[in-house]
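One structure below.
The values are calculated or read from the model by the stated rules, or taken from the named source; none is laboratory data. For clarity, every value in this text was computed on a predicted model and none was experimentally measured. As a convention, Cβ positions derive from the backbone with ideal geometry for all residues, glycine included, and neighbour counts pool all protein chains shown.
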Amino acid sequence: MKRDLRPIVVISAVKNEELVEFVRRTFKDARTFGARKVIIHSFSGPNYWDFFRDSREAILDNIELGVEIYTWGRDEVEKMLKILPRPEEIKGIVFHCSDDEKMFIRRVQDVIPTQYKASLLKDYCRQS
(Lines give C-alpha, C1' and ligand atoms only; values in the text may rest on other atoms or scores of the structure.)
Protein backbone atom coordinates (compact mmCIF):
# COMPACT_ATOMS: atom_id res chain seq x y z
CA MET A 1 0.00 0.00 0.00
CA LYS A 2 1.40 3.39 -1.01
CA ARG A 3 1.65 6.05 1.72
CA ASP A 4 -0.12 9.32 1.14
CA LEU A 5 2.63 11.93 1.41
CA ARG A 6 0.58 14.91 0.27
CA PRO A 7 0.91 17.96 2.54
CA ILE A 8 -1.73 19.93 4.38
CA VAL A 9 -1.92 23.61 3.43
CA VAL A 10 -2.65 25.97 6.33
CA ILE A 11 -3.71 29.56 5.70
CA SER A 12 -3.61 31.69 8.82
CA ALA A 13 -3.91 35.15 10.29
CA VAL A 14 -3.27 34.98 14.03
CA LYS A 15 -2.06 37.44 16.63
CA ASN A 16 1.59 37.14 17.69
CA GLU A 17 0.63 36.03 21.20
CA GLU A 18 -1.37 33.11 19.72
CA LEU A 19 1.40 32.02 17.33
CA VAL A 20 2.90 29.18 19.40
CA GLU A 21 -0.53 27.69 20.15
CA PHE A 22 -1.43 27.96 16.46
CA VAL A 23 1.73 26.13 15.35
CA ARG A 24 1.21 23.37 17.93
CA ARG A 25 -2.41 22.94 16.82
CA THR A 26 -1.28 22.83 13.19
CA PHE A 27 1.12 19.96 13.90
CA LYS A 28 -1.54 18.16 15.93
CA ASP A 29 -3.92 18.49 12.97
CA ALA A 30 -1.25 17.14 10.63
CA ARG A 31 -0.96 14.01 12.74
CA THR A 32 -4.75 13.68 13.02
CA PHE A 33 -5.18 13.87 9.25
CA GLY A 34 -2.21 11.58 8.58
CA ALA A 35 -0.02 14.18 6.90
CA ARG A 36 3.77 14.14 7.04
CA LYS A 37 4.22 17.72 5.84
CA VAL A 38 2.59 21.08 6.53
CA ILE A 39 2.74 24.18 4.33
CA ILE A 40 1.93 27.28 6.42
CA HIS A 41 0.92 30.54 4.73
CA SER A 42 0.83 33.21 7.42
CA PHE A 43 -0.66 36.69 7.06
CA SER A 44 0.05 37.39 10.74
CA GLY A 45 2.38 40.32 10.58
CA PRO A 46 5.72 39.01 11.83
CA ASN A 47 8.30 38.49 9.14
CA TYR A 48 9.66 35.03 8.44
CA TRP A 49 12.48 35.15 10.99
CA ASP A 50 10.24 36.48 13.77
CA PHE A 51 7.65 33.80 12.96
CA PHE A 52 10.35 31.12 13.06
CA ARG A 53 11.89 32.49 16.27
CA ASP A 54 8.53 32.60 18.08
CA SER A 55 7.46 29.13 16.93
CA ARG A 56 10.86 27.43 17.06
CA GLU A 57 10.11 25.30 20.12
CA ALA A 58 6.88 23.96 18.62
CA ILE A 59 8.69 23.18 15.35
CA LEU A 60 11.51 21.37 17.14
CA ASP A 61 9.00 19.35 19.19
CA ASN A 62 7.57 18.10 15.87
CA ILE A 63 10.81 17.72 13.95
CA GLU A 64 9.65 14.49 12.28
CA LEU A 65 7.04 16.46 10.32
CA GLY A 66 8.11 18.50 7.32
CA VAL A 67 7.20 22.16 7.33
CA GLU A 68 7.32 25.03 4.84
CA ILE A 69 6.61 28.51 6.16
CA TYR A 70 5.62 31.49 4.05
CA THR A 71 4.88 34.90 5.54
CA TRP A 72 2.85 37.35 3.52
CA GLY A 73 1.67 40.93 3.71
CA ARG A 74 -2.07 41.52 3.60
CA ASP A 75 -1.83 42.72 0.02
CA GLU A 76 -0.03 39.58 -1.20
CA VAL A 77 -2.95 37.12 -1.40
CA GLU A 78 -2.59 36.81 -5.19
CA LYS A 79 1.12 35.98 -4.81
CA MET A 80 0.24 33.26 -2.32
CA LEU A 81 -2.31 31.76 -4.70
CA LYS A 82 0.34 31.51 -7.43
CA ILE A 83 2.60 29.25 -5.35
CA LEU A 84 -0.07 26.96 -3.90
CA PRO A 85 0.37 23.36 -5.03
CA ARG A 86 -2.31 22.08 -7.38
CA PRO A 87 -5.44 20.89 -5.51
CA GLU A 88 -4.78 17.23 -6.34
CA GLU A 89 -1.27 17.53 -4.83
CA ILE A 90 -2.51 18.40 -1.33
CA LYS A 91 -4.28 16.34 1.29
CA GLY A 92 -6.43 19.28 2.28
CA ILE A 93 -6.61 22.85 3.50
CA VAL A 94 -7.03 24.29 7.00
CA PHE A 95 -7.88 27.89 7.96
CA HIS A 96 -6.76 29.44 11.27
CA CYS A 97 -7.48 32.95 12.50
CA SER A 98 -7.72 35.09 15.59
CA ASP A 99 -11.10 36.59 16.42
CA ASP A 100 -10.08 39.98 15.06
CA GLU A 101 -8.76 38.44 11.81
CA LYS A 102 -11.92 36.58 10.75
CA MET A 103 -12.94 39.15 8.15
CA PHE A 104 -9.52 39.08 6.52
CA ILE A 105 -9.56 35.28 6.24
CA ARG A 106 -13.09 35.46 4.80
CA ARG A 107 -11.74 37.74 2.05
CA VAL A 108 -8.91 35.27 1.40
CA GLN A 109 -11.43 32.41 1.22
CA ASP A 110 -13.49 34.37 -1.31
CA VAL A 111 -10.59 34.45 -3.80
CA ILE A 112 -9.39 30.86 -3.32
CA PRO A 113 -10.48 28.62 -6.22
CA THR A 114 -13.33 26.19 -5.51
CA GLN A 115 -11.09 23.15 -6.05
CA TYR A 116 -9.19 24.05 -2.88
CA LYS A 117 -12.35 24.71 -0.89
CA ALA A 118 -13.55 21.22 -1.82
CA SER A 119 -10.60 19.77 0.12
CA LEU A 120 -11.33 21.74 3.31
CA LEU A 121 -10.28 19.73 6.35
CA LYS A 122 -10.94 22.25 9.12
CA ASP A 123 -11.98 25.88 9.41
CA TYR A 124 -11.08 27.24 12.84
CA CYS A 125 -12.39 30.65 11.78
CA ARG A 126 -15.98 29.39 11.74
CA GLN A 127 -15.79 28.12 15.31
CA SER A 128 -16.79 30.49 18.09
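Within region 85-108, the set of residues being touching a residue at least 40 places away in the same chain (Cβ under 8 Å) and either in contact with a Gly (Cβ under 6 Å, 6 or more places away or on another chain) or surrounded by fewer than 18 Cβ atoms within 10 Å (Cβ to Cβ) (or both) comprises 85, 89, 100, 104. Flag: residue 22 matches the condition of being touching a residue at least 40 places away in the same chain (Cβ under 8 Å), closer than 18 Å to residue 60 by Cα and aromatic (Phe, Trp, Tyr). Taken over region 75-109, residues that are outside any loop (DSSP other than H, G, I, E, B), within 22 Å of residue 31 (Cβ to Cβ) and under 14 Å from the mean Cα position of the chain (by Cα) amount to 6.
Being in a helix (DSSP H, G or I), touching a residue at least 24 places away in the same chain (Cβ under 8 Å) and charged (D, E, K, R) is the filter here, so list the residues in region 56-74 that pass it. Hits for region 56-74 are 57, 61. The set of residues in region 30-56 being of a type in the set (A, V, I, L, M, F, W, C), at pLDDT 90 or above and closer than 19 Å to residue 79 by Cβ consists of 39, 40, 43. Taking first residues from region 38-50 that are closer than 15 Å to residue 96 by Cβ and in a strand (DSSP E or B) and partners that are at pLDDT below 90 and of a type outside the set (D, E, K, R), the Cβ contacts under 8 Å between residues at least 6 apart in sequence or on separate chains come to 42/51. Condition check for residue 27 on (1) of a type outside the set (Gly, Ala, Ser); (2) modelled with pLDDT of 85 or more; (3) over 14 Å from the mean Cα position of the chain (by Cα): one failure, at (3). Checking each residue in region 1-37 for being over 12 Å from residue 94 (Cβ atoms) and part of a helix (DSSP H, G or I) picks out 16, 17, 18, 19, 20, 21, 23, 24, 31.
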